[in-house]
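All remarks here apply to the structure that follows.
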Amino acid sequence: MLFSKGTSTAYKLLFIIGFSVSLAGCNWGDEIESLVQPNPDDFAVLFSDTSTVELSTVLSDSVMTGAPARLLVGRYVDPYFGKIQTAAFFQPTTQSGVTIPDKAEYDSLVLSLNYDLYTYGDTTKPLNITVHKLLADILSKDSYYNGNSTAFDANPLGKVKISPMPRRSKRLVIRLSDGLGAEIFEKGKTNLLTSNQEWINLVNGILVKAGASDNGAVVGFQANAAYVQVHFHVPDVDAVRKDSVVFQSTAFYNQIISDRSGTATAKLSSNQRVSTPSSQTGNMAFVQAGLSIMTRIDLPTVRQLSLTKYTVANRAFLRITPDRSSVTNQLNAPPALHVFRVNKNNEFYLNSQGFPLPLYNLTTGQLKPIVGQYVQDYVNNKQFYLLDVSSYVTEVMNSETGDVGGLVLVTSETNENDQFRPSRTYPFADRDFTKSLDRLVIGDQHSNNPGVKLELYYTTVKVK
């Protein structure tokens, strides 16, 4: 992600927006009180949906995927975004070492993962899940990004073939190597695992991944509920007492990688400062969470409206319609779109708190970020997002140069309002834009299935 240096630009933008909206909100009688009052018949309230909307796609080099609330495991093939593969790296730990009774007898070693109900792709197709032992301590690095990996033993500790059913089964349990299980058990019995560091020296961490040729789904698991468990029993005079030692995960990150070869998105520029025009990607623009792909929107012809005297924009809406063939039961459209301000180099403008500057709705008198919910109109068989861009259009019209930057669409808000983990450095960390695969395909105005319109309502006065 790129961020605009300094916050003075954001203050200027807010001032211009506020000033412009105040002008737009004036009554005409107030606005031209020193002139002859115009005849009401000279007013014309007009509507246009033919303005040019330029779409392009921005690909960030990476996004921070460390410390997420959701672990992502799986693989699927997307006709627009290619081969998508995710893997979860995490470190089980112990707070007080491992103590096992002398008379205890080993039973099994398992990995337990709780579903969090998130899936993306076809869950009816099987995934070949394998579990591996890490060869390095993941805490040796401060932060992890979607393309990162940690060395691991290629020989799996355990494996299972599943067709994930998170709504039917709350938990996935995978039996792991009895060789490792017995080693942990014996070290615990002989007081050789008295601290977390001694445990980490034995088991640096765990990797869970899908098969390299799987084409099913990506499945979400609760990060704080992933744990390794050693089961044992203690023979007693009257019965057998079962017990276990649990190693709860406290550090984790997701790897999210893709191979876009042979798809329209294969042509995306690897330089995040350069937007790839929709004309170079099959007359389409794209959004994808997890891989930080954003759609950029520019309105190059709106400023021409300001050349007509006594003309003011009343309201302006962007209607975004997903490419119909791109939305399936397995590959859903994002539940919402969030809009942020960027400069010509796709750097986020920053607000006073140092976070990416959203596009605000100022008609309510409050700084309320614009969010477009996904609307499914079953009566008219239409699906769309409606984004109020009135403040942005007004700013463009009142700009002397027209250089007010553009808008980008992403699938979530930032973590600015997170009570516990707000991060200016990683503003989308642990948000849907970095811990899901939700994606959107939009046809531009020259495609066979146009998916974007600027619906503009404006008032003009005929002066005789």
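Rule-based calculations on the coordinates, nothing more; no lab input. If you're wondering where the values come from, they're calculated on a predicted model, not measured in any experiment. Positions of Cβ are generated from backbone atoms using ideal geometry, with glycine treated the same way; all protein chains shown enter the neighbour counts.
Considering every pair of different Cα atoms, what Kirkwood radius, in Å, is found for segment 197-274? Intermediate values should be presented prior to the final figure.
Values: mean 1/r = 0.0566 Å⁻¹.
Value: 17.7 Å, from the Cα pair sum.
Order of 62-70, 269-277 by packing, highest average Cβ count within 10 Å first? Working shown, then result.
Values: 62-70: 20.1, 269-277: 16.2.
In descending order of packing, they fall as 62-70, 269-277.
Hey, how many Å between the Cα centroid of segment 313-337 and the Cα centroid of segment 130-201?
With segment 313-337 and segment 130-201 each reduced to a Cα centre, they are spaced 40 Å.
Could you work out the relative contact order of segment 340-459? I mean the mean sequence separation of Cα pairs under 8 Å and 6+ apart, divided by the number of residues, in percent.
On the way: 132 pairs, mean separation 22.5, N = 120.
Reported relative contact order: 19 percent.
Report the calculated FRET efficiency for K159 and T401 (r = Cβ-Cβ distance, R0 = 60 Å), to the nearest 0.05.
Working: r = 60 Å, r/R0 = 1.01.
Calculated value: 0.50.
Taking K and R as +1 and D and E as -1, what net charge do the other residues with C-beta under 10 Å from the C-beta of R315 add up to?
Numbers: positive: none; negative: D388, E455.
Net local charge, R315 excluded: -2.
Looking at this model, which pairs from K133/K159; K187/K209; K209/K435 are more than 18 angstrom apart at the alpha-carbon? Write down the numbers at each step before the final one.
Values: K133/K159 12 Å; K187/K209 28 Å; K209/K435 16 Å.
Violating the 18 Å limit, Cα to Cα: K187/K209.
What does the charge dipole of the chain about its Cα centre add up to, to the nearest 20 debye, if the Cβ of each Lys and Arg holds +1 and the Cβ of each Asp and Glu holds -1?
Working: 42 positive and 42 negative charges, 127 e Å.
Charge dipole of the chain: 620 debye, to the nearest 20.
Scan (1) 27.9, 88; (2) 22.0, 72; (3) 27.4, 107 for the value of Rg and Dmax of the Cα atoms in Å calculated from this model and give just the label.
(3)
How big is the C-alpha Rg of segment 327-464 next to the rule-of-thumb value 2.2 N^0.38 Å, as a ratio?
Working: Rg = 17.2 Å, N = 138, 2.2 N^0.38 = 14.3 Å.
Compactness ratio reported: 1.20.
Using Cα-Cα distances under 8 Å and only pairs 6 or more residues apart, what relative contact order does the chain have, in percent? Numbers along the way, then the final one.
Values: 1139 pairs, mean separation 124.8, N = 464.
Taking the mean separation of contacting Cα pairs over the length of the chain, I get 27 percent.
Quick one: which of K125/K242; K83/K344; K267/K344; K141/K344 span more than 28 angstrom between C-alpha atoms?
Details: K125/K242 36 Å; K83/K344 31 Å; K267/K344 20 Å; K141/K344 33 Å.
The pairs that break the limit, which is 28 Å between Cα atoms, are K125/K242; K83/K344; K141/K344.
Run the numbers on segment 205-321 and let me know its relative contact order in percent, using alpha-carbon pairs under 8 Å that are six or more apart. All intermediate terms of the calculation are to be shown ahead of the outcome.
Working: 69 pairs, mean separation 14.5, N = 117.
Dividing the mean separation by the residue count of segment 205-321 yields 12 percent.
In what sequence, highest mean first, do 299-305, 195-201 appear when ranked by Cβ atoms within 10 angstrom?
Values: 299-305: 17.4, 195-201: 15.9.
By packing density, highest mean first, the sequence is 299-305, 195-201.
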